[in-house]
Amino acid sequence: MWVRPIFQRRRQQGQFHNLLAEMRLNDTESHFRYLRMSRRTFDNLVTRVTPLLRRRSYSSCDRPQISPAERLALTLRFLATGNSQVSLSFNFRIGRSTVSGIIRETCSALSTVLQPEYVKAPSSEEDWRDISKEFEKIWNFPHCIGAIDGKHIVIQAPSLSGSYHYNYKGTYSVVLLAICDAHYRFTIVDVGDAGRQNDSGVLYNSTFEQALESGTLCLPSTSDLPGTTIRAPFVFVGDAAFPLRTDMMRQFPGKNLEDLQAVFNYRLSRCRRVIENSFGILAARWRILRRPIIASPENAVIFTKAAIALHNFSKQPSPQFTVLPDSLTQRMELEMLWRKVGGMK
């Protein structure tokens, strides 16, 4: 059997051509809840990833092609829910192996397109100082240029991996080490280390640590603290798992602290929890990170990078964009199809 009969009726009964079409035309709130983004943002993403997802058409092939918009909708639904690829196969009426390839390719395309613009480290001292000003303005902690922490991305136990990915929480995972700014946007991301390592070990093996040691991050030099003549360096703030260094700050240890130390711990904790909130927002929108990912560690890394790129992308105001000329006709035909399926004249 070349194609199962139920999959041959994809255009007539698949979710993309029915449920999503109806929500797109008549229910914008449900569209946002279904894909975690508005119609305008979805159209923007389709325009960006179409050059990487377009497939060559063959006139002798009887099967209709899966458009970039449908590929993107399938991938966003996977990231937004974490549903199995088998269930998505039946919902969208696409073969299971095809669904697996589409999700992997589309996530890679999202990372390729979005990361250079939306997930990039500051490249100058002025950029780091701007981040520091926002931390001081919003969270009352001066000279902070980022909050750092690690998150375990739970995965299915890889075949023949032993305890390599087994972590102290009793699950199998890959580690996401991330730094964010005062507005919950990720600035530096390192994902892929085995879950058996702690945050300090992941930091030691990361490219971020190498950049810190080599001085290629262009961190600003020391300057006076606000309202004083005390010169202090700019630092990243983290929890007790990270080392205490001139470029990294953590709390005073212990419970019997002096008043000034307790106040300092309170201020640092208030600043450091921004990265915890960022992880929470990320997992709340892209709920694939709330359950074990049934995929290889390599694919789990691809999915995580795509979710982070989409997280930062959604934090930016919706920009004006120009539809590519060669995709304009396709989008107009798609709009006409959606209107026809939705019962609109």
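Only the coordinates and a few stated rules stand behind these numbers; no lab work does. The structure presented is a predicted model; accordingly, all values stated were derived computationally and were not measured. Here the Cβ is made from the backbone with ideal geometry for all residues, glycine too, and neighbour counts use every protein chain on show.
Neighbouring Cβ atoms within 10 Å as the yardstick, rank S221, S30 fewest first. Starting with the residue having the fewest Cβ neighbours, the order is S221, S30. Ordering Y184, Y164 by the number of other Cβ atoms within 10 Å of each residue's own Cβ, fewest first, gives Y164, Y184.
With the biggest extent put first, the Cα atoms of the stretch 119-294 measure 58, 41, 31 Å across the principal axes.
Packing, as the average of other Cβ atoms within 10 Å across residues, places the peptides 242-248, 45-51, 111-117 in the order 45-51, 111-117, 242-248, highest first.
The stretch 270-291 and the stretch 214-261 have Cα centres spaced 24 Å apart. Checking (1) 8; (2) 35; (3) 27 against percent of Cα pairs over 38 Å apart calculated from these atoms, the matching label is (3). Kyte-Doolittle cut-off -1.0, length cut-off 30 Å along the helix's own axis using Cα: show which whole DSSP H helices in the chain pass. Long hydrophobic helices here: 96-118, 259-285. Each residue in L19, L35 was given a count of other beta-carbon atoms within 10 angstrom of its own, and listing them fewest first yields L19, L35. Between H143, M248, P292, the Cα set farthest toward the positive side of the dipole of the stretch 119-294 (charges on each charged residue's Cβ, about the Cα centre) is that of P292.
For D193, nonlocal amide neighbours, meaning residues 5 or more places apart or on other chains whose placed amide H falls under 5 Å from its own, are V175. Considering only S221, Y166, S97, the residue lying farthest towards the positive end of the dipole of the chain is S97, judged by Cα position with unit charges set on Cβ.
Restricting to DSSP H runs of at least four residues, report the calculated mean residue ellipticity at 222 nm for the chain, -39500 (n - 2.57) per run over all residues, nearest 500 deg cm²/dmol. Value at 222 nm, helices only: -16000 deg cm²/dmol.
The Cα center of the stretch 145-198 and the Cα center of the stretch 4-33 differ in position by 35 Å. A simple charge model with +1 on the Cβ of Lys and Arg, -1 on the Cβ of Asp and Glu and nothing else charged puts the dipole of the chain at about 1880 debye relative to its Cα centre. A crude spin-label estimate for the pair T207 and E134, with each label 7 Å from Cα along the Cβ direction, gives 2.2 nm. The C-alpha atoms of the stretch 17-170 occupy a region whose extents along the principal axes are 63, 45, 31 Å, arranged from largest to smallest.
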